Amino acid sequence: YKLGSGHGIRNTFLGKKGYKEEEQQEEEHDKQKEKEDEAAAAADEEDDPHKRIHRFFKSLLRQWEEDLLSRPDHLKRTASGKNETKTLKQCRDYIRPLFKLCKTRRLEGAMMDHILNIVKYCEMGEFVKAHDSYMDVAIGRAAWPIGVTMVGIHARSGRAKIESSNVAHVMNSELQRKYLTSVKRLMSYSQKKRTDVDPSKKVLNM
């Protein structure tokens with residue numbers, strides 16, 4: 001028995017084999033589309049550092065939360081278990097201003113460069129370099145990190161040592177200190193999860 005082809009009618013009961021093949025083709029097509037969308041999103045993030053920073057740390061927060069939720073109940077009730085939950089909550093609260101700055105594209109240029117380097121090195125598994133980048137933004141390289149770019153009324157030979165790129169941003173505001181603290185915690189979590197990375201590329205007691 002065969003239905004008229006002119007109406008394009010498909011009888012799923014009479015053509016089960018063909019129907020399954022079509023389903024498989026549709027699934028393969030959907031998977032291919034998802035891969036293309038992911039590749040397009042990754043390419044878009046390469047051009048948009050704000051998105052890349054936001055997505056990286058947001059993903060780590062989500063993974064950390066899932067890890068804590070998957071713990072047995074008896075571990076959740078211990079003192080250390082409660083502290084871990086409290087640390088995650090504090091980390092999430094402290095990093096919100098950074099996410100807001102990324103969403104509104106108002107993250108200061110020098111700060112964005114430092115945090116973007118941290119993201120890149122963490123993704124590459126270069127946690128020693130990521131830690132160095134964090135130290136640059138948190139402490140700076142200035143001989144006297146006093147938070148200014150000009151001293152006195154005359155330019156001095158040592159002025160290059162206290163330019164804005166060398167001064168610690170963490171000293172500029174309480175808000176920055178808090179979200180950089182969360183960045184450090186998420187760096188530590190990322191390092192802990194990357195069991196595929198050689199120990200020589202990791203930082204002890206991060």
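FYI, it's all coordinate maths here, none of it is from the lab. This structure is a prediction, so every number in the text was calculated from the model and none was measured. Neighbour counts run over all protein chains shown; Cβ positions are idealised from the backbone, glycine included.
Laid out as a table, the results:
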quantity	calculated
Residues Asp67 and Glu28, FRET efficiency given R0 of 30 Å [Cβ-Cβ distance, rounded to 0.05]	0.35
Nearest-0.05 FRET efficiency for Thr85 and Asp196, computed from C-beta distance (R0 41 Å)	0.90
Calculated FRET value between Glu123 and Val203, using beta carbons and R₀ = 22 Å, to 0.05	0.90
Given Lys89/Lys184; Lys103/Lys184; Lys82/Lys103; Lys129/Lys184; Lys58/Lys120, the pairs whose alpha carbons are separated by over 23 Å	Lys82/Lys103
Pairwise label distance in nanometres, Lys103 with Asp132, each label 7 Å out on the Cα-Cβ vector	3.5 nm
